[in-house]
1. Please arrange B:D43, B:D92 by accessible surface area, largest first, computed with a 1.4 Å probe and ligands excluded.
2. What does the average come to when, for each residue of peptide B:58-65, you count the partner chain Cβ atoms lying within 10 Å of its Cβ?
3. Starting from the residue with the highest accessible area, list A:K21, B:K183, A:K2, B:K4 in decreasing order, probe 1.4 Å.
4. With charges only on Cβ, +1 for K and R and -1 for D and E, what is the dipole size of the protein assembly as shown about its Cα centre, in debye, rounded to 20?
5. So who's got an amide H within less than 5 Å of the one on B:Q128, skipping anything under 5 residues away but keeping other chains? H placed 1.01 Å off N, in plane.
6. Suppose R0 equals 22 Å; then what is the FRET efficiency for B:T114 and B:M149 from their Cβ-Cβ distance, rounded to the nearest 0.05?
7. Can you compute the FRET efficiency between B:D92 and B:A15 using 1/(1 + (r/R0)^6), with r the Cβ-Cβ distance and R0 = 45 Å? Round to the nearest 0.05.
8. Once the dipole of the protein assembly as shown is set up with Lys and Arg at +1 and Asp and Glu at -1 on Cβ about the Cα centre, which of B:T121, B:V3, A:G30 lies farthest towards its positive end?
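The values are calculated or read from the model by the stated rules, or taken from the named source; none is laboratory data. What you see is a predicted model, and the numbers here were worked out from it, not measured in a lab. Cβ: placed from backbone, ideal geometry, glycine included. Neighbour counts: every protein chain shown. Heavy atoms of the whole protein, side chains included, go into the accessibility calculation; ligands, DNA and RNA do not. Shrake-Rupley method; radii C 1.70, N 1.55, O 1.52, S 1.80 Å.
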Amino acid sequence: MKPKTHINDGGQIIEREMTEKEYAALIESGWTETTPEETPTE
Amino acid sequence: MAVKTFTTGEVLTAADTNTYLNNGGLVYITGASFSAVTEVLLDNVFTATYRDYRFVFDCQSSAGGAIFGFHVRSGGSTISTNTYQHSTLFMDGTSITTARSTTQPAMRVGANDTNAYHGMTLDIFCPQLAQPTRVTSLFNRGIGYQPEMGFGGNTNSTAYDGMRIYVGSGTMTGEYVLYGCRKA
């Protein structure tokens, strides 16, 4: 499941799962799902 | 006029109530709670009504080892070009660490720890004016209550109508309130 985004547009609030495009941009920005030092390595 | 002294027997009018009782120095614009999100986006919140803003934010973060960042937004889009600067001051009780970074893709406003509770205040200056947006951040890092102060912003002389707070790893759950600084 993709992470969620919280959008407050002038008081209209939507909290939803990220779209594929938003998720791709998030990953591109360097976001990681877990603490970097706890990320399993091979 | 932000202050009025009422006298004994004076009639409290609806106009006075609306002006003086409902609007303090900080005027509520919007606020909400959020749960397990990576980012909080606020759009159409910076307007000509206010010049400067205060953003009060608290959260629990799920992961550690990454930063909390700030972006300005325009028309629903995040500005993530290398147009941010920040100087930070971090104290862990033993030492003080300082850093200054220019041409960054975001402004650092804090750092997260696994399952830590954080509190943050941002003062945001002139985001809706065609001049650089200045931001002062005070971040209380939940583990050890270590303070981090940040001074930075976006260097574009551009008007923006929104902002983004994000976490670099994991998610965050909490609440925020955005206030406008009443001018008179």
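1. On the way: B:D43 10, B:D92 65 Å².
Greatest to least solvent exposure: B:D92, B:D43.
2. Values: counts 0, 0, 0, 1, 4, 9, 5, 7.
The mean count of partner-chain Cβ atoms within 10 Å per residue comes to 3.
3. Working: A:K21 170, B:K183 135, A:K2 50, B:K4 75 Å².
Largest accessible area first, the list is A:K21, B:K183, B:K4, A:K2.
4. On the way: 15 positive and 22 negative charges, 162 e Å.
Using Cβ point charges on Lys, Arg, Asp and Glu, the protein assembly as shown gives about 780 debye.
5. Counting only residues 5 or more places away or on other chains, the set is B:Y160.
6. Numbers: r = 23 Å, r/R0 = 1.03.
Result of the calculation: an efficiency of 0.45.
7. On the way: r = 52 Å, r/R0 = 1.15.
For R0 = 45 Å, the calculated efficiency reads 0.30.
8. Farthest towards the positive end: B:V3.
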